[in-house]
Structures are given as structure tokens and as C-alpha cells.
Amino acid sequence: GSNPDDRTTDDTPTLTGTAEGDTLVTLFEVSTSLGTTSAVGGTWSIASSSLADGVHSLTAVATDAAGNSGPPSVPLVVTVVPAEVWLLWPAPDGLLFEEETLSAETVGDPVASVEFLVDGLVVGTASGQPFEATWDTTTTTGGSHVFEARANLAAGGFVTSTAVSAIV
């Protein structure tokens, strides 16, 4: 999966761009070639070779039929993550009453379980899709609270959602 913030769980992302027709386009991370293709009708698309988890600065270089290469493109910074998790409920500034079903969604590497946290404390766990847990809001004080989902990866480690504030 890929997001507008250039984070992805795809370790072989496909990048597209434009170049003059019949030029050869090579995708680079620093000086390492990640793939090459021909621009057809002014567009190109390259599925990169495998990228490790982390931040990558990618550029494309077009080379014409005579072997003349243009300057590298403006770098595209892509962050490859093993998985991502986000809360579906509660929504930001949502109102929660009595018993609520907390829910989350994940993409990427297999997830063993998702823990739901309120103010940093685990209040529920789900071990399969859909990742949902029922929480009794009367166990905490009324007011604004911080909610997060923590996905425990099957291969070890975890990723945590962006925090959401909601009102109990």
C-alpha cells in the first residue's frame, strides 16, 4: 500500500513519470540502478528492485538514443515500512459512550494482533481480522483521551498508529 506522504509497505514500488519518447529511463538510489525502462509516448513506469525498510531518495535519469544523459530528476523520498496500522474508530474528536467497539485496519506484513491503547494503556486486543475490541468507557474519567492502535507483527516488532484524541 502507498500513501500520499510517500510511505509504503511495498518494497518494490512502481514509479512513473514523463520523458521524451524513445528515451531510456533509469531509476537510481544514489548511484545504484534500481531498474531501467523505455519512455513510450512520453511516459515511463519502473517497478524498482527490492528496497529495505527505511528512507530512500530516488531519482530518474533519461538517456537519449545518442547516449546523452540528462540531469537527475528532483529526488523522490520514499519510506518503506513493514506494515501500517490506523484507527477506524474512534475518529478524531469522536464522542464515545458506554461500551464502544474500537477498530483498526492494517496493511503490509502479517500482523499477529492489534492492541488498542487509551492514554498509553492497553484496553483491548484483537488477534484477527477484523481488528476490533469492545471497551467499556465507564472505566475511565470523562473528557479527552488519546487513542492508538499497536500492530504486533508476526515476524516480531510492532508499528503504532497515529494518535487520535476523542472524548469520553
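Taking a ≥ b ≥ c as the square roots of the eigenvalues of the Cα gyration tensor, the chain is prolate, since a/c reaches 1.5 or more and a/b is larger than b/c. One Cα centroid belongs to segment 33-107, the other to segment 128-159; the line between them spans 27 Å. Across all directions, the average projected area of the convex hull around the alpha carbons of segment 23-121 is 10.3 nm². Using the Cβ-Cβ distance between residue 6 and residue 136 with R0 = 41 Å, the FRET efficiency computed as 1/(1 + (r/R0)^6) comes to roughly 0.55. Here the chain exposes an accessible surface that is 54 percent carbon and sulfur, computed with a 1.4 Å probe and the other protein chains kept in place. Taking all protein chains into account, the per residue accessible area for segment 16-168 stands at 53 Å² (1.4 Å probe). Working ranking of peptides 73-82, 102-111 by packing, defined as the average number of other Cβ atoms within 10 Å per residue, highest first, is 102-111, 73-82. For residue 86, the residues whose modelled amide H falls within less than 5 Å of its own, excluding neighbours fewer than 5 places apart on the same chain, are 105.
A 1.4 Å probe over all protein chains sorts 7, 150 by accessible area into 7, 150, starting with the largest.
Fully extending the segment from residue 155 to residue 20, taken as 0.36 nm per residue of separation minus the present Cα-Cα distance, adds 44.2 nm.
The values are calculated or read from the model by the stated rules, or taken from the named source; none is laboratory data. Since the model is a prediction, treat every value here as computed from it, not as a measurement. Because the Cβ atoms are built from the backbone with ideal geometry, glycine has one as well, and the counts that use them run over all protein chains shown. What goes into the accessible areas is simple: the full protein's heavy atoms, side chains included, and nothing from ligands, DNA or RNA. Shrake-Rupley method; radii C 1.70, N 1.55, O 1.52, S 1.80 Å.
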